[in-house]
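Below: one structure, written as structure tokens.
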Amino acid sequence: MCGIVGYIGQRNAAPLILDGLRRLEDRGYDSAGLAVLNGTGLQVRRQPGKIKEIEALLESRPVSGPIGLGHTRWATHGRPSEANAHPHADCSGSLVVVHNGILENYTALKERLIAAGHCFRSGTDTEVLAHLVESHLSGGADLLNGVRAALREVRGAYAVGVLSADAPDRLVVAKYGAGSGVVGLGEGETYVASDIPAILPYTRDVVILEDGEIGVVTRQGVSIM
Ligand code: GLU
């Protein structure tokens, strides 16, 4: 169970996310990754190994955008590899999920989603969430309700963050049973993190996500349900 850091505001999200992930490094991890959204779509970079390797990757293949999610992974399902590193995308690549924890019923969900035509690219439990949300969005749900419906179907422990190119003004976060989740409020910018130290240099105004809560995070703040 490792780290999640997210940002929405006016600054370039990637350096802030990497800085936050670095502040959680002592929790241990085997892979790191991030996704940043701008007007041209989601840009995902991920890799097994240390955060400095992601930094090197970003030097050769930079990303930019004012909203993003990052993750450090400690593999529970699927070996450490680029394909298994988070964020995980849906079939269309327009939605990504980061997750800390374990989804116990992922095998049954994965079989059902594959039978429905979803294409999986990793060996993780996490990827089912991306496809579950996708299936609810294609059924007409908005991002909040799509994530909510997906989480009703999973059993296990999670802290999750979801970013969709179709809802570029928000992150959806939720937590149940695993780790912790915090939202940090700034001036026209908002942070999310699995642990407070990740965002302490940026804000001390934090909202703690309790078990079973889901939050919609925008530049203006967070609304929690
Ligand atoms: N179960 C997920 C995986 O294996 C998340 C692990 C974690 O908490 O880092 O990818």
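Starting with the highest mean, order 2-13, 119-130 by the number of other Cβ atoms within 10 Å, averaged over the residues of each peptide.
2-13, 119-130
Do the sum for the chain: with -39,500 (n - 2.57) for every DSSP H run of n ≥ 4, divided by all residues, what is the mean residue ellipticity at 222 nm, to the nearest 500 deg cm²/dmol?
Per the formula, -7000 deg cm²/dmol.
Which whole-Hz ³J(HN,Hα) couplings does the range 219-225 yield from phi under the Karplus relation 6.51 cos²θ - 1.76 cosθ + 1.60, θ = phi - 60°, glycine and proline marked x?
4, 7, x, 9, 10, 10, 10
Three principal axis extents, largest first, for the C-alpha atoms of the range 76-225, in Å?
46, 32, 27
How many angstrom separate the Cα center of the range 121-156 from the Cα center of the range 184-198?
24
Work out the FRET efficiency for residue 50 and residue 141 from their Cβ-Cβ distance, taking R0 = 35 Å, and round it to the nearest 0.05.
With R0 = 35 Å, the Cβ-Cβ based efficiency is 0.40.
Which whole number in µm²/s is D for the range 1-116 by Stokes-Einstein, with the Kirkwood Rh taken over Cα pairs at 25 °C and 0.890 mPa s?
169
Select from 98, 206, 133 the residue whose mean-square fluctuation is largest in a Gaussian network model of the chain (Cα-Cα springs shorter than 10 Å).
Judging by the Gaussian network model, the answer is 206.
Taking a quarter of the surface of the convex hull around the Cα atoms of the range 81-152, what do you get in nm²?
Projected over every direction and averaged, the Cα hull of the range 81-152 covers 4.5 nm².
How far is it, in nm, from the label point at residue 115 to the one at residue 155 when both lie 7 Å from their Cα along the line to the Cβ?
1.7
As an exercise, take the mean of 1/r over every pair of distinct alpha carbons in the range 178-225, invert it, and state the Kirkwood radius in angstroms.
Evaluated on the range 178-225, it is 10.7 Å.
Every number here is computed from the coordinates shown, using simple stated rules; none is lab data. Here the structure is a predicted model, which means the values were calculated and not measured. When we count neighbours, we look across all protein chains shown, and the Cβ atoms used for this are built from the backbone with ideal geometry, even at glycine.
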